[in-house]
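Peer 1: Following this message is one structure expressed as structure tokens.
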Amino acid sequence: MHMEVTSKSIGETTIIYVDGDLTTNSSPVAEAEINQILEGTATNVVINVEKVNFIASTGLRIILVLGKRLKGDGLNLILCSMNETNKSVFKISGFLKLFPVFETEEEAIESL
């Protein structure tokens, strides 16, 4: 199963790109990679999920834990480029009320 997490920094924002589905098997790998990327940094985070076709409950947990951690530090977690299926999962789970979701990466960055 293919899973890749990459990132880039723009000013005080870290953009994380997730390429692959966040399933029960891949979510721990993604979580470890995201934590490694953010280790020792204090930045707002935009997660670009354009290449994620499926998010399981374990993937939602990663987002929830990261969002709480960032909020505790006075920082923001924003998601962008989400497909309709994942938007539906976020809506049903109540995550659209917890985290801003933007259509594009540019809109997400501008919102900070």
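Peer 1: Can you tell which of LEU96, LEU66 is in a helix (DSSP H, G or I) and touching a strand residue (DSSP E or B) at 6+ places or on another chain (Cβ under 7 Å)? Give the steps one after another, and end with the answer.
Peer 2: Numbers: LEU96 fails: touching a strand residue (DSSP E or B) at 6+ places or on another chain (Cβ under 7 Å).
It is LEU66.
Peer 1: Suppose we filter the stretch 70-93 for residues that are in contact with a strand residue (DSSP E or B) (Cβ under 8 Å, 6 or more places away or on another chain) and charged (D, E, K, R); how many remain?
Peer 2: 2
Peer 1: Same structure again: Given (1) at negative phi; (2) surrounded by 16 or more Cβ atoms within 10 Å (Cβ to Cβ), where does SER81 come up short, assuming only one miss?
Peer 2: Only one criterion in (1) at negative phi; (2) surrounded by 16 or more Cβ atoms within 10 Å (Cβ to Cβ) is unmet by SER81, namely (1).
Peer 1: Ok, one more. State whether the residues of the stretch 75-84 include one that is of a type in the set (Val, Ile, Thr), under 16 Å from LYS8 (Cα atoms), modelled with pLDDT of 95 or more and in a helix (DSSP H, G or I). Write out each step before concluding.
Peer 2: In the first step, residues of the stretch 75-84 are kept if they are of a type in the set (Val, Ile, Thr); the result is 78.
Now drop any that are not under 16 Å from LYS8 (Cα atoms), which leaves 78.
Keeping just the survivors that are modelled with pLDDT of 95 or more gives 78.
The next check asks that each one be in a helix (DSSP H, G or I); those that pass are none.
No, the stretch 75-84 has no match at all.
Peer 1: Check whether at least one residue in the stretch 63-71 is in contact with a Cys (Cβ under 7 Å, 6 or more places away or on another chain), at pLDDT 95 or above and either of a type in the set (D, E, K, R) or under 18 Å from GLU105 (Cβ atoms) (or both), and report yes or no.
Peer 2: So in the stretch 63-71, the residues in contact with a Cys (Cβ under 7 Å, 6 or more places away or on another chain) come out as none.
Within the stretch 63-71 (the criterion being in contact with a Cys (Cβ under 7 Å, 6 or more places away or on another chain), at pLDDT 95 or above and either of a type in the set (D, E, K, R) or under 18 Å from GLU105 (Cβ atoms) (or both)), the answer is no, since none of the residues qualifies.
Peer 1: Could you check how many residues of the stretch 101-112 are part of a loop (DSSP other than H, G, I, E, B) and within 19 Å of SER7 (Cβ to Cβ)? Quick ask: steps written out before the conclusion?
Peer 2: Initially, the stretch 101-112 is screened for residues part of a loop (DSSP other than H, G, I, E, B), giving 103-104, 111-112.
Checking which are within 19 Å of SER7 (Cβ to Cβ) leaves us with 104, 111-112.
Counting residues in the stretch 101-112 that are part of a loop (DSSP other than H, G, I, E, B) and within 19 Å of SER7 (Cβ to Cβ) gives 3.
Peer 1: In the stretch 73-108, how many residues are over 13 Å from the mean Cα position of the chain (by Cα) and either closer than 26 Å to GLU39 by Cβ or of a type in the set (A, V, I, L, M) (or both)?
Peer 2: Residues that pass the stated criteria total 5.
Peer 1: Among residues belonging to the stretch 34-56 that are small (Gly, Ala, Ser) and surrounded by fewer than 14 Cβ atoms within 10 Å (Cβ to Cβ), point out the one that is nearest to GLY11 (Cα to Cα). If you could, list the steps in order and put the result at the bottom.
Peer 2: Step one: filter the stretch 34-56 for residues small (Gly, Ala, Ser), giving 40, 42, 56.
Now narrow it down to the ones that are surrounded by fewer than 14 Cβ atoms within 10 Å (Cβ to Cβ): 40, 42.
Values: GLY40: 16, ALA42: 11 Å.
Per the criteria, the residue is ALA42.
Peer 1: Another question, if that's okay. Those residues that are within 19 Å of GLU107 (Cβ to Cβ) and either of a type in the set (Val, Ile, Thr) or in contact (Cβ under 8 Å) with a residue 60 or more places away in the chain (or both), I need them from the stretch 13-47; list them, please.
Peer 2: Of the stretch 13-47, the ones within 19 Å of GLU107 (Cβ to Cβ) are 13-18, 43-47.
Scanning the stretch 13-47 gives THR13, THR14, ILE15, ILE16, VAL18, THR43, ASN44, VAL45, VAL46, ILE47.
Peer 1: Applying the selection to the stretch 38-59, what residues are in contact with a strand residue (DSSP E or B) (Cβ under 8 Å, 6 or more places away or on another chain) and either assigned to a helix (DSSP H, G or I) or of a type in the set (Val, Ile, Thr) (or both)?
Peer 2: Scanning the stretch 38-59 gives LEU38, THR41, THR43, VAL45, VAL46, ILE47, VAL49, VAL52, ILE55, THR58, GLY59.
The values are calculated or read from the model by the stated rules, or taken from the named source; none is laboratory data. Bear in mind the structure is a predicted one, so any value in this text is a computation, not a measurement. Cβ coordinates were reconstructed from backbone atoms using ideal geometry, including for glycine residues, and neighbour counts include every protein chain displayed.
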